[in-house]
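Below: the structure, in structure tokens.
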6 protein chains.
Amino acid sequence: MTLQTPIGKYAILLASLDEAELELFKPALQELSYCQGRVGSMNMQKVIAAAETAAKRNGIIKDQCYRETHALYHAVLEGIEGVTRGQPSIGEMSRTVGLRFAIVRGKPYEDESEGEWIAAAFYGTIGAPVKGLEHETTGLGINHI
Amino acid sequence: MTLQTPIGKYAILLASLDEAELELFKPALQELSYCQGRVGSMNMQKVIAAAETAAKRNGIIKDQCYRETHALYHAVLEGIEGVTRGQPSIGEMSRTVGLRFAIVRGKPYEDESEGEWIAAAFYGTIGAPVKGLEHETTGLGINHI
Amino acid sequence: MTLQTPIGKYAILLASLDEAELELFKPALQELSYCQGRVGSMNMQKVIAAAETAAKRNGIIKDQCYRETHALYHAVLEGIEGVTRGQPSIGEMSRTVGLRFAIVRGKPYEDESEGEWIAAAFYGTIGAPVKGLEHETTGLGINHI
Amino acid sequence: MTLQTPIGKYAILLASLDEAELELFKPALQELSYCQGRVGSMNMQKVIAAAETAAKRNGIIKDQCYRETHALYHAVLEGIEGVTRGQPSIGEMSRTVGLRFAIVRGKPYEDESEGEWIAAAFYGTIGAPVKGLEHETTGLGINHI
Amino acid sequence: MTLQTPIGKYAILLASLDEAELELFKPALQELSYCQGRVGSMNMQKVIAAAETAAKRNGIIKDQCYRETHALYHAVLEGIEGVTRGQPSIGEMSRTVGLRFAIVRGKPYEDESEGEWIAAAFYGTIGAPVKGLEHETTGLGINHI
Amino acid sequence: MTLQTPIGKYAILLASLDEAELELFKPALQELSYCQGRVGSMNMQKVIAAAETAAKRNGIIKDQCYRETHALYHAVLEGIEGVTRGQPSIGEMSRTVGLRFAIVRGKPYEDESEGEWIAAAFYGTIGAPVKGLEHETTGLGINHI
């Protein structure tokens, strides 16, 4: 079994590159199902909701299907572990995030029977609730769907 | 204070893009101090050591300076939190990693007094200790130095 | 020293079986001090409070005794670790729980000098704050009292 | 969508009840795919391997399919979070486990489109590496497969 | 390189000893930059804010400098890990803290090039939100600044 | 109920002060049951074993009593959470500790019915496995016994 289409890498690039930089990757991205979004909050629940809502509105996952919601939820939580590095809290730990995110769905493996997987990537800033007192952060979660 | 030079984003790109893809970012990278490396292991200690050794050998941090070693160590650990998503163990949790990493040192902020910061990024695969039974993973840590 | 009376197993059964299924275990349960309860919430504090209140109202622990409150609190928290698997948050992580719980107090060990211990077990569902988008979960904590 | 077949509850019962006690649940169990096993170790990697090997040998998951291995691995890790309550280490934290486990695969939801899910349950003892200095522990993980 | 001035130990003593007991350490303390404070809350954000505000008001760190705010923030969070032992939540876990704290800034190492470091120590009680149902707790974080 | 005898504070002082500094606290210490020890290791299991062995050899806890071993074990683990701040690993995270520790047993509360409690405190250094590349650390755990 070989990892053929790096949906995680594409998710990271979609979350961190600007439009001009993404041009280079457009051909590869056209073969994937994905969406992008933004969220700024001290409230983790809003970050999770922003990613889920974007994925549902853009048809990346089926709205009333728990199976797909469950797959995305765990991918999102794993991405948030990278963003928060250690404790998945923001407001309670007196910090805020400003994030861009991307959800990518596709078949990463050569072997057809491995089926579809989903990647959730975040890139942006985390820091004190004061403009500018912040540094970059990223996170990526991947799950079978 | 404004975040002007995204050393974290450059570290992620250095860890995840191939040579051809990196061409686009060469001009920006030339103004930074950085190194790249690879490590594959079931042993977390080896992953940490690979990053520290590469940073010291390439002069990104000063060898006998605890201050700089301490700054890099915490950046590396935060990157590993993203890689391992939840529990910073690999072998003990019956999984293995194959990672490329990059360490970038620079002045991300417009305001000169914010000084130098260091970014440690990882990108690669994590999975069962069987070739191919793995998916992508990434992590980024940032610290003042 | 031998584990003779599995108060943890009885707590799990009290939390997860229905009345008819519990019939089989009634003789053993009659020799133990226990209570049962239910709680549904996105708020962890309410889950902890429900277990503590039930234990105090049913005389499983002494109301004004910190020693016993402390023993139960840590048993409850350990049970919640199993319920939440990784991060003891619910609402902040955009999820909700619907739980049945049981607190059992007894002497699990043959050797009289090992004294009394307390078990707190939870069983129910955890999931998105949308009815039906949830799966089962359980947790057990045990402490000397 | 309704939770109709509690595969998690059956997994807990398979891991914690003895043969005689399980009689009551035999009719329901006959409609599920499951296996049982035992493992005693100070080494977490052996606990994970025991569960994976049992599931593969008994045909609960397909051997060379990463998708199914990934689903089981995360269910097992979530079960271990309940067993270890806080830090998924055993030997390093100077403790040992003696566990019975069960892996159950089935369709828990009424709605056919929710497909198959997998439950991994553990029940046994955790304690000092001295016979008898131990108490009960349990854990349950559930994942879509 | 030798650890010459234990700023962490002085921070612990400043947080835990009373005025009379501190007399013994006055000569050593006079060579350090430090402040002391108190905070009681079920809200972690208030604990972090109390420490940061005290440090800024007393000139231990520069107000508008992210570099110094970042150094202190991580020292404070590490101190809180000791206070909360496992999960940095208070109110959500149905507990409250009453803490004295001290922030110490100085040069702990003989070698001048190791520069300044900051220590944040907490000492007080943690427990149920009922007066008296609590026990002692402490925590110390140290960072380069 | 009032906290009358701060066994946690005495444990911290016993672990961090030198003989001369401890003189001041000798009268209070004479009414408590305590022991002191030292341990340096990259292996967490050795740190836990050192504390348990010292407590048993000095008669602070009863050797063959699981109840007391369990109480001390959790106090020690909570102390280690403070020492390691986030992840209770040392060698696996490429770091080493050099610690002094103290175990104190006594009746902290005015109300006789609150009985005996145990405190485990650690103070020393944590850092890279290179002499001098380390900073101070501390931790305190408290439990009813």
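Any read-out appearing in this document is the output of simple, stated calculations on the displayed coordinates, not a laboratory observation. For clarity, every value in this text was computed on a predicted model and none was experimentally measured. Here the Cβ is made from the backbone with ideal geometry for all residues, glycine too, and neighbour counts use every protein chain on show.
Shape verdict for the stretch E:69-136, please, from the Cα gyration tensor: rounded (a/c under 1.5), prolate (a/b greater than b/c) or oblate. Taking the square roots of the gyration eigenvalues as a ≥ b ≥ c, the stretch E:69-136 is prolate. Computed from the Cβ-Cβ distance with R0 of 56 Å, the FRET efficiency linking residue D:23 to residue E:22 stands at 0.25. Taking the Cα centre of chain F as reference, the dipole from Cβ charges on Lys and Arg (+1) and Asp and Glu (-1) amounts to some 520 debye.
Would you mind telling me which residue in E:101, E:122, E:25 has the biggest mean-square fluctuation in a Gaussian network model of chain E, where springs connect alpha carbons within a distance under 10 angstrom? The residue with the greatest mean-square fluctuation here is E:25. Placing pseudo-labels 7 Å out from each Cα toward the beta carbon at residue C:107 and residue D:131 gives an inter-label distance of 2.3 nm. With the charge dipole of the stretch B:48-145 set up from +1 on Lys and Arg Cβ and -1 on Asp and Glu Cβ about the Cα centre, the Cα lying farthest toward the positive end among the listed residues B:65, B:125, B:137 is that of B:125.
Shown for D:41, C:16: other C-beta atoms within 10 Å of each C-beta, ranked fewest to most, produce the order D:41, C:16.
How would you classify chain B from its alpha-carbon gyration tensor, with a ≥ b ≥ c the square roots of the eigenvalues: rounded for a/c under 1.5, else prolate if a/b is greater than b/c, otherwise oblate? Judged from the Cα gyration tensor, chain B comes out prolate (a/c at least 1.5, a/b above b/c). Projecting the Cα atoms of A:97, A:34, A:15 onto the charge dipole of the stretch A:1-120, computed from C-beta unit charges around the Cα centre, puts A:97 farthest toward the positive end.
When chain F is treated as a GNM with alpha-carbon contacts under 10 Å, the residue of F:39, F:76, F:130 showing the greatest mean-square fluctuation is F:130. How much net charge surrounds residue C:111 when only other residues with a Cβ under 15 Å from its Cβ are counted (Lys, Arg +1; Asp, Glu -1)? Once all neighbours under 15 Å are counted, the net charge is -3.
Among residues other than residue D:90 with Cβ under 10 Å from its Cβ, the summed charge is 0 (Lys and Arg +1, Asp and Glu -1).
Would you calculate a helix-derived [θ] at 222 nm for chain D, using -39,500 (n - 2.57) for each DSSP H run of n ≥ 4 and dividing by the full residue count, to the nearest 500?
About -10500 deg cm²/dmol.
Note on chain F: with a GNM built from Cα contacts shorter than 10 Å, the maximum mean-square fluctuation among F:24, F:13, F:99 falls on F:24.
Distance from the C-alpha centroid of the stretch B:124-145 to that of the stretch B:1-17: 18 Å, rounded to the whole angstrom.
Count Lys and Arg as plus one, Asp and Glu as minus one, and take only other residues whose Cβ is under 12 Å from that of residue D:60; the net charge is then 0. Look at the Cα gyration tensor of the protein assembly as shown: its axes a ≥ b ≥ c give a/c of at least 1.5 with a/b at or below b/c, and that counts as oblate. Of interest is the spacing of the C-alpha centroids, which for the stretch D:77-118 and the stretch B:59-81 amounts to 36 Å. Given +1 at the Cβ of Lys and Arg, -1 at the Cβ of Asp and Glu and no other charges, the dipole of the protein assembly as shown around its Cα centre is 0 debye to the nearest 20. The modelled label-to-label distance for the pair residue B:62/residue D:2, using points 7 Å beyond Cα in the direction of Cβ, is 7.1 nm. Annotation for the stretch F:1-37: GluC sites (Glu not before Pro) lying in DSSP loop with at most 10 further Cβ atoms inside 10 Å of their Cβ are F:31.
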